[in-house]
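Accompanying notes for the structure given below.
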Amino acid sequence: MTDHELKINFKEYDTLKELSAKDHSLCQEAVKAMANSHSPYSKFRVGAALRLQSGKIIHGSNQENVAYPSGLCAERVALFYWGANHPDDPIEAIAVTAHTDDFEILQPVTPCGSCLQVLAEYEKKQNKPVDILLFCNNGPVWVMNSVESFLPFLFFENRLIL
Ligand code: THU
């Protein structure tokens, strides 16, 4: 038997102002993206913004549905839009934030496993890691340099890729 230990690295900043100008501005885009959240059921509004290598910004927000499982998280809305429309313009970074009137969000919201898996697929596809910026109003900012920091055992099988 072998005991393994994994270390996860991420950076924590106290405020968005400590980020580089372009990361700070991407976070502001994630806030703007929340405006189109369709979340009448959870009342939990999530915004995601992607910055592509060309400088283009893509917005995503969570889109819920009365048939609950038909809804989709903000991150995957943005990521699938990228995959469908800009697959040759690599993703440099994704910023994610959330807001609800029901309670105060004190820690950054971390993407769900399905969103991480989708991000992992695109990191592999573009052969470049994606910076992940997570923040909430008045809380800390967490920055990871690749989805692998979150999901070290992500499902991946090279032989399933043509
Ligand atoms: N949600 C996201 O959009 N992204 C996340 O990272 C976590 C959860 C959405 C799904 C649902 O519309 C609402 O937040 C409550 O779970």
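Side notes on the structure shown:
- The packing ranking, built from the mean of other Cβ atoms within 10 Å per residue, places the peptides 87-93, 7-13 in the order 87-93, 7-13, highest first.
- Estimated from helical segments only, the mean residue ellipticity of the chain at 222 nm is -7500 deg cm²/dmol, where each DSSP H run of four or more residues counts as -39500 (n - 2.57).
- If you model the chain as an ellipsoid using its alpha carbon gyration tensor, with each semi-axis the square root of five times an eigenvalue, the axes come out at 24, 20, 18 Å, biggest first.
- Span-like helix ranges in the chain, DSSP H, alpha carbon extent 24 angstrom or more, Kyte mean at least 0.0: none
- In this structure the amide hydrogen of Val130, modeled in the peptide plane, comes within under 5 Å of the amide hydrogens of Val147, none closer than 5 places in sequence on its chain.
Any read-out appearing in this document is the output of simple, stated calculations on the displayed coordinates, not a laboratory observation. Bear in mind that the values here come from a model prediction, so they are computed numbers and not experimental data. All Cβ positions, even for glycine, are placed from backbone atoms using ideal geometry, and neighbour counts span all protein chains on display.
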